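Let me begin by presenting the structure, written as structure tokens, before commenting on it.
Where a number appears in this text, it was derived from the coordinates with a stated rule and is not lab data. From a predicted model like this one, the values you see are computed outputs, not experimental measurements. Cβ placement follows ideal geometry from the backbone for every residue including glycine, while neighbour counts extend to all protein chains displayed.
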Amino acid sequence: MLLTTLGMAALLAAPLAQDTTIAVSTGTRLHVSTFAGEIRVHVWDRSEVRVRADDSDDGRISIQRAGSTLRIKPQGRYGHRATDFVVTVPRWLAMEVSGTNTDISVEGTEAAVSAATVNGDIVVRGGRGTVTASSVQGDVAIAGARDRITVTTVDGDIRVTDVTGELRAQSVDGSIDLIRMKVTSLDVNTVDGDIRFEGPILAGGQYTLATHDGDVIVVVAGDVDATFSVSTFDGDFVSDFPITAQGLARGEQLSFTIGAGRARVRLEAFDGTIRLSRGR
Amino acid sequence: MTDPWTDRLSEYVDGTLRAEERAGFEAHLDGCATCRATADDLRAVATRASTLADTPPTRDLWDGIAARIGAIPLRSNAAAAPGVERRPRRFVFSLPQLLAAGIALVLLSSATVMLVQSAGGDRSGVTDDPSSGVLAVAAGTEAIARYDQAITDLVQVLDAGRTRLDPRTVRILERNLQIIDAALYEARHAVSQDPASLYLQHHLAQTMQRKLDVLRHAVSLVGAAS
């Protein structure tokens, strides 16, 4: 079924498991939410949104368009059933995807993404502009995003790969892996977990990696042209680079420059090892 | 993203930035009213701090833990290797310490705003202006007291609304708050051992921020579940 909806607002109540397709125009923003279940978003090259759903209570879904926003959610009282959504969207469609006991995955988008859940994992592949992903209990993985990326979880690991732009990532009890980074601004911290960064240190970039109880491992690809600030209270600092004084006293801040110092790198591990290595 | 220059304010006011960094910072100041105001405030604090006698504060700055500020002799640093700069220890009543208190104050201001909004209360007397927090930074004791009060208030809101949350979520939040509390305990203990450490001051403030962040998030979940 193809529904072309124009005008101020339209409300559709579609039986679940029905395959519903809606035409959308440039500038449309998608909101998908469910209390429990899974939301999977894929992309295609059509200017249409296809919604498939599977509901634990054979309920209905609400598809509502108001202005430039298209909202999809289970119809009726929110929070008392599980609904799985598979949504296929244009790759340019900005989206906000949220749930409570919900796993979220977004694959292949070239638009802004906001993904938030309480208990569940999040996977986002792609994303441009502002990309945010937030969970309370769950792992978060971001791959191939560009521009401004923010990733947070309370109890879970964060893995970010092949990202370009600016990245902020926070966890409390979890590790943070940053692989093949190409970022000019990086601000990551966790309380109980390791942080690993692999990528170039770009001239003019600002990088902060901080953990309370864990190691900070930085594997630098290419030439290094940065001023480093390294701090620990009850940990060590080890470097592959020719820094003759590698020891670091308790609570002390060690600063050194490699190259002309055109980037700033701050590495902090209250109780853990800070390791600065050369990439291959 | 946070303003990358914010972390350099203290060094700028201290006059420890390199010439090219200072020039870059001043170019940034031309276009950033917040940093400009904060720098002015910090200069005022620095001026005030410089008039204080170089003696240990007579009152606790960190809720009793910093009672030993200035009481511990600074360790002698090993000779720095070529190309390696060991940062000099700061005046015990240091700018970073005050700034850390200011950071906490700014954070609790926003936390309080959120708290008042979530409770539907009156916002009068609550400011959103981050520079105003720094103005009060010299009052470190007050800052910590307000931080503690913000934490208490947020915990009360969370306790009142905990039945609206999934018990599993409550357990996760409580467990992670305990992790942060353990980190705070260690950080405060470290500050008491080495009160002149800029890093430890900053780390303590950052950990306090994490606790506020988690509590604020938890309270927002309670609000969303209402």
Self-check item: Most mobile of A:Asp147, A:Asp194, A:Asp215 in a GNM of chain A (Cα contacts under 10 Å)
Solution: A:Asp147
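Neighbour counts of other C-beta atoms within 10 Å: give me A:Phe85, B:Phe25, A:Phe237 arranged from fewest to most.
Ranked by crowding around the Cβ, least crowded first: B:Phe25, A:Phe237, A:Phe85.
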Quiz item: Quick one: Karplus J couplings for the range A:142-150, per residue in order, coefficients 6.51, -1.76, 1.60, θ = phi - 60°, nearest Hz, x for Gly and Pro?
Solution: 10, 9, x, 7, 10, 5, 10, 10, 10
Quiz item: To the nearest 20 debye, what is the magnitude of the charge dipole of the range A:80-138 about its Cα centre, counting +1 on the Cβ of each Lys and Arg and -1 on the Cβ of each Asp and Glu?
Solution: 100 debye
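For chain A, what's the relative contact order in percent, using C-alpha pairs closer than 8 Å and at least 6 residues apart? Please list the in-between numbers first.
On the way: 941 pairs, mean separation 30.1, N = 280.
Rounded, it is 11 percent for chain A.
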Quiz item: What's the exposure ranking of A:Thr26, A:Thr130, going from fewest to most Cβ atoms within 10 Å?
Solution: A:Thr26, A:Thr130
Self-check item: Under the Karplus curve 6.51 cos²θ - 1.76 cosθ + 1.60, θ = phi - 60°, whole-Hz ³J(HN,Hα) for the range A:253-269, x wherever Gly or Pro sits
Solution: 10, 10, 10, 7, 10, 10, x, 8, x, 7, 10, 10, 10, 10, 10, 9, 9
Quiz item: Using modelled amide H (1.01 Å from N, peptide plane; none on Pro or chain starts), what sits under 5 Å from the amide H of A:Val32, excluding residues fewer than 5 places away?
Solution: A:Ile72, A:Glu96, A:Val97, A:Ser98
Quiz prompt | the range B:146-226 - Rg (one decimal) and Dmax (whole number), Cα, Å | solution = 14.3, 46
Exercise. Treat the count of other C-beta atoms within 10 Å as a stand-in for reagent exposure and order B:Glu174, A:Glu110 from fewest to most.
Key: B:Glu174, A:Glu110
Practice problem: Would you work out which of A:Phe233, A:Gly261, A:Leu167 lies farthest towards the positive end of the dipole of the range A:145-280? Charges go on Cβ: Lys and Arg +1, Asp and Glu -1. | Solution: A:Gly261
Quiz prompt | Amide H partners (placed H, <5 Å) of A:Ile195, local residues excluded | solution = A:Ile176, A:Asp215, A:Val216, A:Ile217
Exercise. Calculate the length of the line joining the C-alpha centroid of the range A:139-203 to that of the range B:174-226, in whole Å.
Key: 20 Å
